[in-house]
Amino acid sequence: MKKIAILTLLLFTLFTAIAQKKQIDTLRLALSKAKTDTMRYVALRKLDMAYYLPNPDSSIIFAQQGYLLAKKNNWVVNQARCLNGMANAYGTLADYAKSISFYFKALKIARELNDLYEMSLINDNIGATYVQEQDYKKALPYLRLAQTQTNAFALSHKLLFIHKHNRAVIYVNLGECYMYMHQADSAEHYLNICYEDCKNLNLTDMIGAAQRDLGEVAIEKGNKAGALQLFRQAVINDKAVDDGENSSIAYLSTANLYHKFRQQDSAEYYAQKALEAAAAGKFEQDVLNAGKVLYAFYDEDHNLPQAYKYFKITTAAKDSIYSQDKVKQLLSLDFDEKQRLQEIEAAKTENRNKVRFYVLLAGLAVLLLLVVIFWFANKQRKKAYNLLQRQKQETDLQRTKVEHTLVELKATQTQLVESYNSISVLSEIGKEITSTLNLDTILNTVYEKVNELMEASVFGIGIFIPEEESIDYRMAIEDGKRYMPYRRKMDNKNQLPVWCIENNKEVFINNVRKEYANYISEYTEVDHARLDDGSKFKSPVSLIYLPLTVEEKVIGLITVQSFREGAYTQQHLDILKTLASYTSAALYNANSFETLQATVNELQLTQKQLIQSEKMASLGELTAGIAHEIQNPLNFVNNFSEVSIELLEELQQEAKAGHNADVISIAGDISKNLEKINHHGKRADSIVKGMLQHSQSGSGAKAPTNINALADEYLRLSYHGLRSKDKSFNAEMVTYFDEKLPLINVIPQDIGRVMLNLFNNAFYAISKKQKTAGADYKPEVTVTTLTENGSLLIKVKDNGVGIPDAIKEKIMQPFFTTKPTGEGTGLGLSLTYDMVVKGHGGSIQVDSVVGEGSEFMISLPVN
């Protein structure tokens, strides 16, 4: 008894130890030096509680060791506490199936000990886990029971501090539950009490959660500024106690608040922070929540790559948390708990019947005694006889009641077994339905599985099209024969499917003529469709319509119908509801995939058009340079043509005079002039061909290319193009071309575009600096070519304004530009990167210092 008392006292101080944040190394040292099982157990429990948020895997290990130690020493209540610790850690890992399993085991021990304190803690934890699972209807009874038990414990033991601490924990969970159920007043009531207790008792590990939840309530009541302030305080307090999970939740609440008021940049920033905090702590549920929000934000921005990225993160987290095995485990645990409670109730009933039986035996004994005593008294004998008859009647009545109760219990047991089997089958069906993104495959699979589970003489799935106010029946089958495609208009309100869609509720009828008035005012046969073979449909007698919903939004309906009365039971309705939830998710995923694929195709087409537009834009910038370059050879052609005409006239005069020597000399001059005319004509032809190649929409074939000639040509074209826009601009062009540079196998027009982009950017940078620099500034662009380690290097260096470090990593991104609106598309360097890296297997590097200049280096493989 003394050991147990000491142990209880030590466990009572656990909250103080955790609040003081003892170092993990100190706890491990204490564990290694523990000389008794009691000291080892206390150290293990402290380590379990210290690790459960930052490192739940380690928490599970220490809780397991503590449980084995408690079992060895038959410390029953401590076994429950260790099981509770393991459940907490699994909950942090979002493994709710294992978490609930260990909570129920701990709860069983606490009930057997009739320990109100432990029962209240465990019931609160179970309720909190169901809140995380977003099953608020299941959570609320456990949380209310925990509230009742902790109050009863406090009254019986007069432990005010422990009571207020436990009340704060339970009330924050109650507040969250009511908050998610959109009952703002109830949520605010419990959260305010919790917040005051946290401040008064200095419960630093809970203040952040209470502030965050009060912020959500403030949003519900329209107080944006107050909510934002509470979220910021929550983040500060959660970080102070290293609570990564609540930090993630607070960040996500902040993101949703900014999104609600259309401040998209802030919303995306805080959602990113929420995802980072959740991922760092391996909080899968919070990773899922943050990923869903980021996916929605980027989808609204039409930022497809980012949206797809977070769609994948969300899908992975959802698969981890809501895998079919875990769903099956949760349903099984819930079933086992209900069955165990029914067995307890049956045992109580059996005990009551035994008591009654023994009472009856006692009564019979008394009667027998009376018969012996008053054997000779006729009057008393008659009374005794009458009394015996009455007792016999009561006994017969009790026996009948017992037999009836046994029959009911057997029926309940059969129903529970059938429910369990249905859950197992439905879990496998759901897995099959959601395993594909093909719409026709989904519809056919649902039809096949429904026919296995219930009568479906008529089966249909309709897709609701809000903009057309109609229901499109993508699949409708009667006795195995398909209906021809058809639609129902929503304008006729006296239609059961229309009522189902508009009210987002099921229609459950076992006799249409008698029960239709529960839903619509008038029922008429609507001649809406024909079967594929041309025959008319038959009228159903029993039917079920269920809405298909995604996040409370109706996307369609599912129906089963029968030609006989009373075809469906509540169990059929429950099965169809489960199938409807799987079908809704599958249809939503299939539709999202189709939309995503269409958007990808559209973006790819737009990308091709933008690339061609950028090429034509750069061609426009080249026009002035090309004109200047063509003008030089044309001037030579014109000049030498005029001189040749004069020489021909002189040749004719000398020939008439018979001066043969002069004729031969003049003919030689004319021949040289014609050679120069031919040379400059070819030069002009080369420039025109280069311009045509630059404007082509697709990349040409690779060919051996003189990089020096290509660089020299595009350098001058770029320079003269800029000069045509700004006559005051002047710059020195310095070239260091390696004369031994080999011909390299590249696509000339693509590498020409690459050089043009780099030259244009270099001239733009020095032009921009020239406008603010002093008279001593000499703008200069240097181009260098060389070979090094089997690669050909092209360096373009300028002494312009330079590139800030903050944007250096962004300059290769599509549509990013530092130029004013109308002066740049933001595609130049992006296309340059694609043509060098993807098109030629090369690389591009940037070295820049703000205010001093930049150098771009392109590396191309020689072979």
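All conditions in (1) free of Cβ contacts under 8 Å to residues at least 60 places away in the same chain; (2) more than 39 Å from the chain's Cα centre (by Cα) hold for residue 75, with the sole exception of (1).
Among residues of segment 193-238 being open to solvent by less than 30 Å² (accessible area, probe 1.4 Å) and not hydrophobic (A, V, I, L, M, F, W, C), the one that is nearest to residue 180 (Cα to Cα) is 213. One residue stands out among those in segment 250-263 that are open to solvent by 40 Å² or more (accessible area, probe 1.4 Å) and assigned to a helix (DSSP H, G or I): the one that is farthest from residue 220 (Cα to Cα), which is 259.
So which of 180, 171 ends up being surrounded by 16 or more Cβ atoms within 10 Å (Cβ to Cβ) and touching a helix residue (DSSP H, G or I) at 6+ places or on another chain (Cβ under 6 Å)?
Details: 180 fails: surrounded by 16 or more Cβ atoms within 10 Å (Cβ to Cβ).
After ruling out the rest, the residue left standing is 171.
Note on segment 98-152: residues that are open to solvent by 30 Å² or more (accessible area, probe 1.4 Å) and touching a Lys or Arg at 6+ places or on another chain (Cβ under 7 Å) amount to 0. For segment 459-500, filtering for residues that are in contact with a Pro (Cβ under 7 Å, 6 or more places away or on another chain) and open to solvent by less than 10 Å² (accessible area, probe 1.4 Å) leaves 3. Among all positions in segment 468-488, there is at least one residue which is modelled with pLDDT of 75 or more, more than 26 Å from residue 541 (Cβ to Cβ) and either assigned to a helix (DSSP H, G or I) or hydrophobic (A, V, I, L, M, F, W, C) (or both). Any residue that is among the β-branched types (Val, Ile, Thr), closer than 26 Å to residue 738 by Cβ, at pLDDT 90 or above and part of a strand (DSSP E or B) - is there at least one of those in segment 792-807? Checked segment 792-807: at least one residue is among the β-branched types (Val, Ile, Thr), closer than 26 Å to residue 738 by Cβ, at pLDDT 90 or above and part of a strand (DSSP E or B).
The conditions of being modelled with pLDDT under 80, assigned to a helix (DSSP H, G or I), of a type in the set (D, E, K, R) and open to solvent by 60 Å² or more (accessible area, probe 1.4 Å) are not met by residue 282.
I'd like to know if segment 714-732 contains one or more residues that are within 20 Å of residue 859 (Cβ to Cβ) and modelled with pLDDT of 80 or more. Scanning segment 714-732 turns up at least one residue that is within 20 Å of residue 859 (Cβ to Cβ) and modelled with pLDDT of 80 or more.
Give 30, 70, 50 a once-over and let me know the one that is farther than 25 Å from residue 284 by Cβ, open to solvent by 20 Å² or more (accessible area, probe 1.4 Å) and either in a helix (DSSP H, G or I) or touching a Gly at 6+ places or on another chain (Cβ under 6 Å) (or both). Walk me through it before giving the result.
Numbers: 70 fails: open to solvent by 20 Å² or more (accessible area, probe 1.4 Å); 50 fails: farther than 25 Å from residue 284 by Cβ.
Step by step, each of 30, 70, 50 is checked, and only 30 is farther than 25 Å from residue 284 by Cβ, open to solvent by 20 Å² or more (accessible area, probe 1.4 Å) and either in a helix (DSSP H, G or I) or touching a Gly at 6+ places or on another chain (Cβ under 6 Å) (or both).
What do you reckon, is residue 306 more than 23 Å from residue 236 (Cβ to Cβ), open to solvent by 40 Å² or more (accessible area, probe 1.4 Å) and not hydroxyl-bearing (Ser, Thr, Tyr)?
On the way: more than 23 Å from residue 236 (Cβ to Cβ): yes; open to solvent by 40 Å² or more (accessible area, probe 1.4 Å): yes; not hydroxyl-bearing (Ser, Thr, Tyr): yes.
For residue 306, the condition - more than 23 Å from residue 236 (Cβ to Cβ), open to solvent by 40 Å² or more (accessible area, probe 1.4 Å) and not hydroxyl-bearing (Ser, Thr, Tyr) - is met.
Restricting segment 90-107 to residues that are under 23 Å from the mean Cα position of the chain (by Cα) and of a type in the set (A, V, I, L, M) leaves a set whose member that is farthest from residue 50 (Cα to Cα) is 97.
A quick yes/no check of all residues on (1) open to solvent by 50 Å² or more (accessible area, probe 1.4 Å); (2) small (Gly, Ala, Ser); (3) farther than 26 Å from residue 438 by Cα:
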residue: 539; (1), (2), (3): yes, yes, yes
residue: 559; (1), (2), (3): no, no, no
residue: 575; (1), (2), (3): no, no, no
residue: 580; (1), (2), (3): no, yes, no
residue: 588; (1), (2), (3): yes, no, no
residue: 591; (1), (2), (3): yes, no, no
residue: 597; (1), (2), (3): yes, no, no
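The values are calculated or read from the model by the stated rules, or taken from the named source; none is laboratory data. In this text, all values refer to a predicted model and were calculated from it rather than measured experimentally. Every residue, glycine among them, receives a Cβ derived from its backbone with ideal geometry; neighbour counts consider all protein chains shown. Quick note on the areas: whole protein, heavy atoms, side chains included, nothing else; ligands and nucleic acids left out. Shrake-Rupley method; radii C 1.70, N 1.55, O 1.52, S 1.80 Å.
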